[in-house]
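**Q** Here it is: the structure, laid out below.
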Amino acid sequence: MERRPIRTWDLPVRLLHLLLAGGVAAAWLSSQDARDLRVHVVAGLLVGLVLVLRAAWGLWGTEHARWAAFRVPWRAVRDHARGLLRGDAPRFQGHNPLATWAMLGGLSLLALVVLTGIGVQAGEEGTGLLAGRLDRDRGVALHGPHELLAWAVLGWLLLHLAGVAKESLRTAENLPLSMVHGRKRPEPGARPVPARVGAALSMLAVVALACAGPLRPDAEPAPAAVAPPALDPLYARECGDCHEAWHPSLLPARSWLLLMATQDDHFGEDLGLAPALAGQLQELLVLHAAELSPTEAAWRVARGTPPDQSPLRVTDTPAWREAHADLPEETFQSEPVRSRNRCEACHEDAATGAFAHRGIHPPDPGLPADPPPPEAP
Amino acid sequence: MKTLPMILALALSGGALAAGGGALPGLLAGYQAAGATAFDADRGAALWVAAQPSPDGGPARSCSSCHPADQRQAGRHARTGEPIEALSPAVVATRLSDPVEVEKWLGRNCKWTFGRECTPQEKGDLLSFINR
């Protein structure tokens, strides 16, 4: 009997496995910080693309990669599990029945994570494949399920690793390595599968093209749905002398009405605006108020502020508090910022009202206010 | 052939000079019509830095809370930290060029600093100081 390892996993299977692992890891690492959202989206779409390629390879791939090999009845899974407990489960050339079901479960979970992710992106950011096609509230409602599914993937991953370790020990074979070089010890009668280098190269080309084109991290489309309209310069001139001219989309219309009605006691200042000018400003403010603005920031303000409240400060809205809950107080007190309402110090696009993830650059509170002078040579 | 650019440069700088502080003569005439006598930039300078107790117990207030004692220097809003360009028309050419703008800010700033409107005499003295 020939005991030399034979090729069991063709090259496309191994390549897709590697890309999938990389994509999932990148998606996890970029999921914590809103500023990494672009990376997160790219990683998620990469996972989605790999799943599609893998599904296709199930139709045209070699023996152990085919969907046909995945058609394993529940009875076989149960028998294999019992065998494992008893210690007399047989070895398989491809996946064992338990592993087959685990594969199907993991791939389905990942597909669901990707799909819900695209929905969340459409709802919260107004970008991506479903942009404009999915109702905002529905998209946002998917955020919870998306996270839950992602945790399920993490749990599944632990089981997957445990299964691989157990099977490696049980069959005295380095299975992680076999997913790299593709070879496994042959069962009686098993035949090596072809490598399929051409198919693997084609897949690599598809992924590379996608990464160079639609998936490129800096290729962020700015659909009209998220681009706030340019403001009348009158507003910046009249309301931007004592402080930055906060974008009107940061407060509900009722807040602006209250603010303009109390302009003679504006946080202790008498603005003394002539009635005609005050009317003009009020119209501008209400026209671009949170309820009527397309950005995510505006939408959160409009939705998160209880209808019986008219906060006069942007920093008093529940949306603002929630977005900044994780920031330490020192970040706001540090020199270039000095106050929580100096949005421009941390958000490069504050004046436009966009407040995109990519535009967030909070100064490091650990740094001295002024950089030390360069040392004399 | 060299005269054309020179004429252009002269015309431009002349225009800028006329714009900086351009609103002053009209404003001062208006204050005098409202009862003020001759204006004194030194009196204005003294009023500029005269500290007023703050009604809310905060630090004492003066015009120099936000604009520095030297009207040729840029300042910073005492409450918000927003940078403010120098008020002197010799430094920032658009200053004291629009009477409505000047009256608006005098109205706001006198109320916040002194808790009342400035008299025409005080306004004239302060503007004379700023223009010095």
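**Q** Taking the condition surrounded by fewer than 15 Cβ atoms within 10 Å (Cβ to Cβ) and within 23 Å of A:Arg340 (Cα to Cα), does A:Arg313 pass?
**A** Considered against the rule, which asks whether it is surrounded by fewer than 15 Cβ atoms within 10 Å (Cβ to Cβ) and within 23 Å of A:Arg340 (Cα to Cα), A:Arg313 comes out as no.
**Q** Show me the helices (runs of 4 or more DSSP H) found entirely inside the range A:55-159 where at least 1 residues are surrounded by 15 or more Cβ atoms within 10 Å (Cβ to Cβ), β-branched (Val, Ile, Thr) and in contact with a helix residue (DSSP H, G or I) (Cβ under 9 Å, 6 or more places away or on another chain).
**A** The helices (runs of 4 or more DSSP H) meeting that bar are A:74-86, A:97-120, A:136-141.
**Q** If you don't mind, there's one more thing I want to ask. Looking at (1) touching a Gly at 6+ places or on another chain (Cβ under 9 Å); (2) part of a helix (DSSP H, G or I); (3) without any contact (Cβ under 8 Å) to a residue 40 or more places away in the chain, find the lone condition where B:Ala46 falls short.
**A** (1)
**Q** Within the range A:338-356, restricting attention to residues that are within 13 Å of chain B (Cβ to nearest Cβ) and charged (D, E, K, R), which residue is farthest from A:Asp232 (Cα to Cα)?
**A** The residue in question is A:Arg338.
**Q** How many residues are within 10 Å of the chain's Cα centre (by Cα) and within 23 Å of B:Ala60 (Cβ to Cβ) if we restrict to the range B:92-124?
**A** Going through the range B:92-124 one residue at a time, the tally reaches 3.
**Q** Right, next: Quick check, is A:Ala298 away from chain B (no Cβ under 11 Å), surrounded by fewer than 21 Cβ atoms within 10 Å (Cβ to Cβ) and under 24 Å from A:Glu124 (Cα atoms)?
**A** Considered against the rule, which asks whether it is away from chain B (no Cβ under 11 Å), surrounded by fewer than 21 Cβ atoms within 10 Å (Cβ to Cβ) and under 24 Å from A:Glu124 (Cα atoms), A:Ala298 comes out as no.
**Q** Okay, moving on. Sort out which residues of the range A:245-269 are crowded, with 19+ Cβ neighbours inside 10 Å, over 31 Å from the mean Cα position of the chain (by Cα) and not aliphatic (A, V, I, L, M), and write them in order of number.
**A** A:Ser255, A:Trp256
**Q** Under 6 Å between Cβ atoms, which residue pairs at least 6 apart in sequence (or on different chains) link something in the range A:192-211 that is more than 14 Å from A:Leu11 (Cβ to Cβ) with a partner that is surrounded by 15 or more Cβ atoms within 10 Å (Cβ to Cβ)?
**A** Taking only residues 6 or more apart or on different chains, the pairs are A:Ala210/A:Leu49.
**Q** Among (1) modelled with pLDDT of 90 or more; (2) assigned to a helix (DSSP H, G or I), where does A:Cys211 come up short?
**A** Exception for A:Cys211: condition (1).
**Q** For the range B:53-69, enumerate the residues that are of a type outside the set (A, V, I, L, M) and away from every other protein chain (no Cβ under 14 Å).
**A** Within the range B:53-69, B:Pro53, B:Ser62, B:Cys63, B:Ser64, B:Pro68 meet the criteria.
**Q** Please find, within the range B:82-91, the residue that is nearest to B:Leu24 (Cα to Cα) out of those that are within 14 Å of chain A (Cβ to nearest Cβ) and over 11 Å from the mean Cα position of the chain (by Cα).
**A** So, considering only residues that are within 14 Å of chain A (Cβ to nearest Cβ) and over 11 Å from the mean Cα position of the chain (by Cα), the one nearest to B:Leu24 (Cα to Cα) is B:Glu85.
The values are calculated or read from the model by the stated rules, or taken from the named source; none is laboratory data. The shown structure was predicted, so the numbers you read here are calculated from the model rather than taken from an experiment. Because the Cβ atoms are built from the backbone with ideal geometry, glycine has one as well, and the counts that use them run over all protein chains shown.
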